[in-house]
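Enquirer: Right, I'll just put the structure down here and ask away after.
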Amino acid sequence: MNTPSAVTMTPAELTALAEHILRTHHALLHRELPRLDAALSAAPRSLRAPFVHLKSLLDDHLMKEERILFPAIFALCGGEGAHGCGLFGPIQQMQHEHEQIRLLETALREAARDAGPLEADLLALLDDLNVHAETEDTLLFPAAVALERAALGGDDEEAPAPTMPDGDELVRETRGACSTCLTDVPAAVRIRHG
């Protein structure tokens, strides 16, 4: 798929990219994860343990993308404003999960020889998973954030540091729970003045 850079992506191009990710990468995972899970049920622990962890993480990850993040991106591309806490929190969570997936991918590549005749299938899934996460992290997510920022009246430049409307001093950003989008999103830690 010929994809423009995230900086120049239009809403139609962003929609097409998201649809491509769903049709190719997500469809492959929905098809191959259960098949490989069943086929590798008796695999050595060095392969089985990271695969089971990866499958569990991906099942949850795909659900969040397909039920929360991608519909929000499609709505934004359709001209609707930001929903809930916006895209920043869900995207941060997806990127955090991509890092966890990359660690498991490394472990699975090291143990792939234990998959026997399924080694090529497992490596093909991991190769696609790598392209999938990279496409989201470098194209889809930056373009979605830029579009949301533009819809909110901002620009594509680096966002300024968060300010506290009540005059509190921002100490650092951390992670916390969001009841409207995902379970783990950025939150601000602040010092109360007055």
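Enquirer: With every protein chain present, what is the per residue accessible area of the stretch 37-135 (1.4 Å probe, Å²)? Please report the intermediate quantities before stating the final value.
Expert: Details: 4590 Å² over 99 residues.
With all protein chains present, the stretch 37-135 gives 46 Å² per residue.
Enquirer: Let me ask something else. Based on the inverse mean of 1/r over its pairs of different Cα atoms, what is the Kirkwood hydrodynamic radius of the stretch 1-130, in Å? Working shown, then result.
Expert: Numbers: mean 1/r = 0.0622 Å⁻¹.
By the Kirkwood definition, the hydrodynamic radius is 16.1 Å.
Enquirer: Using a 1.4 Å probe on the protein chains only, how many percent of the accessible area of the stretch 26-153 belongs to carbon and sulfur?
Expert: On the way: 3250 of 5790 Å².
That fraction is 56 percent.
Enquirer: Follow-up question, since we're still on this one. Net charge within 9 Å of N130 by Cβ-Cβ distance, Lys/Arg positive one each and Asp/Glu negative one each, not counting N130 itself?
Expert: Surrounding charge for N130 is -3.
The values are calculated or read from the model by the stated rules, or taken from the named source; none is laboratory data. As the structure is a prediction and not an experimental result, all values here were calculated from the model. Because the Cβ atoms are built from the backbone with ideal geometry, glycine has one as well, and the counts that use them run over all protein chains shown. Please note that ligands, DNA and RNA were not included when accessible areas were found on the heavy atoms of the full protein model with its side chains. Shrake-Rupley method; radii C 1.70, N 1.55, O 1.52, S 1.80 Å.
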